[in-house]
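The values are calculated or read from the model by the stated rules, or taken from the named source; none is laboratory data. Just so it is clear, the model here is predicted, and its values are computed rather than measured. Every residue, glycine as well, gets a Cβ built from its backbone with ideal geometry; the counts of neighbours run over all protein chains shown.
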Amino acid sequence: MHPVMLLPDHADTSQLRQALWRHRIGHRITDEADGQLLWIADPRQQDELAALVERWRRGEPLEIQQKQPRRRSMNASVSMLKHVSVTALMIVLSLVVFALIAIFGDQLIVALTIVPIGLSGGELAFGTLSQTLSSGQVWRLLSPAFLHFGWMHLIFNLMWVWYFGRQIEGRQGSLTMLMLLVLAGIGANIAQYLTGTVLFGGMSGVVYALLAHVWLMSRRVPSSGFFVPQMLVVFMLGWMVFTMTDMAGSVGFGNVANEAHLGGLLVGLITGWYYSSRRLKNR
């Protein structure tokens, strides 16, 4: 979030807030000592926000202009996707892989696991990470992140990828987002592999990396515009701890890639600390 302007201390901002949401301008208003501070999520909408505030101050109507709404909405959506292309691509690839698994089944799964899997004497035979690298199958270091084995697993992971990924890519660029995806995906996958597990998948490790990155940036550099509700942080960390207990298995949440979550979280803390330190140093 980016601070924009102070509004009068006791002013009724309900109509203004409704108008801002109708115009799809992400914002929040906080009570400060000097008045009510208006924040904006996307600085590119600051001119539109300022115009609405000025009309609100003059008591003028705040209705949305209905001029070519569908075309403007489509253009806005295309523009937004251009600014978060890596995040959108992550989601699309995960959806495509999930759909193709329904068609090709195990053939596709074994092509994306962290190490090659085959049959030997009628039993599954697992390769090693060194064999993966020496054979040039380096995509396997990252590809398990795009494997999901159920709708709920897929939907919840992609929901958080969209929530956190838009913030990171919108504020730090597509290159940073791509770097974070690769580091978090590989780090989470290797952490899970080191426990002796081969058949695993999901974007959860990346999600925890994005969470940690956004949280550290918001805490250490509040002016950076990053924001994550504290209760969401508590919930996600609490969920990670819960899935590590025996209780999780007894209520149907066993076989969770806990080490992948931890590996991703560690990567996100490192990148969040690095980028927030750079921002503080350049002040």
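Do the conditions hold for GLY187, that is, is it within 19 Å of THR132 (Cβ to Cβ) and not in a loop (DSSP other than H, G, I, E, B)? So GLY187 fits the description; yes. Within this structure, ILE117 fails the test of being more than 17 Å from the chain's Cα centre (by Cα) and under 27 Å from TYR275 (Cβ atoms).
Residue pairs whose Cβ atoms lie under 6 Å apart, separated by 6 or more positions or on different chains, with the first residue in the stretch 229-249 and in the same structural domain as VAL214 (by TED's automatic domain parsing) and the second of a type in the set (Gly, Ala, Ser), are PHE242/ALA248. Per the listing GLY202, GLY196, the residue uniquely on the phi > 0 side of the Ramachandran plot, surrounded by fewer than 20 Cβ atoms within 10 Å (Cβ to Cβ) and either part of a helix (DSSP H, G or I) or not assigned by TED's automatic domain parsing to the domain that holds THR30 (or both) is GLY196.
In this structure, ALA76 does not qualify as part of a helix (DSSP H, G or I), of a type in the set (Gly, Ala, Ser) and modelled with pLDDT of 90 or more.
For the stretch 100-135, filtered to residues that are exposed (fewer than 11 other Cβ atoms within 10 Å of the Cβ) and touching a strand residue (DSSP E or B) at 6+ places or on another chain (Cβ under 6 Å), the residue that is farthest from LEU194 (Cα to Cα) is GLY118. The requirement of being buried (at least 23 other Cβ atoms within 10 Å of the Cβ) and aromatic (Phe, Trp, Tyr) is not satisfied by PHE146. Taking the stretch 219-228 as the range and being in a loop (DSSP other than H, G, I, E, B) and out of contact with any His (no Cβ under 6 Å at 6 or more places or on another chain) as the test, the residues that pass are VAL221, PHE226, PHE227, VAL228.
Residue-wise test of (1) modelled with pLDDT of 80 or more; (2) outside the structural domain of VAL228 (by TED's automatic domain parsing); (3) in a loop (DSSP other than H, G, I, E, B).
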residue	(1), (2), (3)
ARG24	yes, yes, yes
THR30	yes, yes, no
GLN46	yes, yes, no
LEU49	yes, yes, no
ARG70	no, yes, no
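Only one entry in LEU237, LEU232, LEU175, LEU216 is crowded, with 18+ Cβ neighbours inside 10 Å, part of a helix (DSSP H, G or I), aliphatic (A, V, I, L, M) and within 17 Å of the chain's Cα centre (by Cα), namely LEU216. For residues in the stretch 240-273 being at pLDDT below 95 and either in contact with a strand residue (DSSP E or B) (Cβ under 9 Å, 6 or more places away or on another chain) or of a type in the set (Ser, Thr, Tyr) (or both), which is surrounded by the fewest Cβ atoms within 10 Å (Cβ to Cβ)? By that ranking, first place goes to SER250.
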